[in-house]
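A short write-up of the structure that comes next.
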Amino acid sequence: MPSIPANGSKGVSAQGKFASMAYDPVKQAGLMDQLVLWVLSLFAFLLPTDLRLAGDKSIAMRVGYACLLLGIAGVMRRRTAIVPTLGFWSLLGFVFWSTCTLGWAQYPSAAEHKVVAYWLLLAVSAIIPQYAWSARGRALLMDAYIWGCWLGVIGTAVNFWTGTEYSEAGPGELAGRYSFSTDPNYLALALVIGIPLAIYRGARTDNPWRRLPLLLYTPAAIAGVVLTGSRGAVIALLTALLACAFQISWKMRGLLAGTAAIFLLAMWLGPSQISQRLSTIPDELRHGSLSDRRDLWDRGLAVAREHPIEGIGAGATTGKLEIAAHNTPLELMMEGGAVSVVLFYGAMLFGLTRLWKTDSREGAAMTALCAAWVVGSLSLSWEVNTITWFILTMLFSAGSPRCISASSFSPEMQTAGHA
């Protein structure tokens, strides 16, 4: 990462020369940096559909490991690195605390598995800000994620037209629902998360051929969410649309109103089983079992009350409840107590705080995205989900240049700053 030397600046020691950074990670990057960015784009593209290899191994995470190795090589080659933000340190604290819970974990095997997953996710998360600190670099990853969502929408539509249900012989909760490659609830929330990104990128892109799929994505994603039959994702969808409506122009609000009409039309034209399922949302919220989640949450809350500070150890949820808690804050509370909850959600809050100091429009989009994630994760255990960590690293990437852009590993120990 080249930096422009400071000429005759007073008050700068030999061990701490400061310089302005005029560096675009796409236009001016070396071949290694460009390669890492494109591999990161492939990683982002694979996230929404969670494509799997034989043996249920995530392709996205395999690409993420390649990003990690290439990214480390690139940082060593250019001899500079982006300084982590406070949000990243909070996330590191969360992983470290989760590791400490191995000392009192009630289910050691599950705890070791989850802690390893946390460290792997953290390693991949640490390398992304080294290449996505520029708005242009983040835009590349956002676009890749949206194209991955398009793959999920198209695949779900094809399965619907061919009558291929997600699980024809599976549990009743999944019968009559459609998805592509992954669990309908997972895909639905992934599609919702793409909506604020598509609205933001559509407003910032001048090329009509690139802008059209971004503007069309929101109605397409709404139709895809309806076909999945995910009630939690529908609530997250309404949250995302409301959050976006308060932060965009009247013209864009008109487009959102049109998408709401498309949502109602999709419900009317969609399979009767899905329409009936989605129509039960108000009653389920007031009196229903929420697909047996209420019983899980009652049992989980009982455990959390007994161990409010330290929890019962990472990975203990599946051991204690024999299934995930289907509620991210509750799962964190059960496994790592209040410490885990504060550190994990603190990382997101620190990231949002930094983001709003850089670009208000990007901050608005990411705030709407995080709001949708928070609502959607109340019915899913997404603390170990790859998309969750990708969101966090996008927040950290936006905040990095505003602090200290890069610190050099050269003998002179130069430090580059961003005005």
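The values are calculated or read from the model by the stated rules, or taken from the named source; none is laboratory data. Quantities reported herein were computed from a predicted structural model and do not represent experimental measurements. As a convention, Cβ positions derive from the backbone with ideal geometry for all residues, glycine included, and neighbour counts pool all protein chains shown. These area figures cover heavy atoms from the full protein model, side chains too; ligands, DNA and RNA do not enter into them. Shrake-Rupley method; radii C 1.70, N 1.55, O 1.52, S 1.80 Å.
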Interchain or long-range residues, amide H under 5 Å from Arg52's placed H: Ile59
Mean separation of Cα contacts under 8 Å, 6 or more apart, over the residue count of the range 67-226: relative contact order %: 18
Built amide H within the under 5 Å cut-off of Thr80, gap 5+: Phe409
Accessible area (Å², 1.4 Å probe, nearest 10) - Ile59: 40
Probe 1.4 Å, all protein chains present, accessible-area order of Glu383, Glu310, largest first: Glu310, Glu383
His307 accessible area, assembled protein chains, probe 1.4 Å, Å²: 50
Cα lying deepest toward the dipole's positive end in the range 292-352, options Ile309, Trp297, Tyr345, charges on Cβ: Tyr345
Accessible surface ranking that places the most exposed of Lys357, Lys320 first, with a 1.4 angstrom probe: Lys357, Lys320
Nearest-10 value in Å² for the accessible area of Arg361, using the 1.4 Å probe: 140
Solvent-accessible surface ranking, highest first, for Glu165, Glu331, Glu322 at 1.4 angstrom: Glu322, Glu165, Glu331
Residue-wise HN-Hα coupling along the range 328-334, computed from phi with Karplus coefficients 6.51, -1.76, 1.60 (Hz; x: Gly, Pro): 4, x, 5, 4, 4, 5, 5
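Roughly how many Å² is the accessible area per residue of the range 85-188, as a whole number, for a 1.4 Å probe?
Details: 4210 Å² over 104 residues.
Counting only protein heavy atoms, the per-residue value for the range 85-188 is 40 Å².
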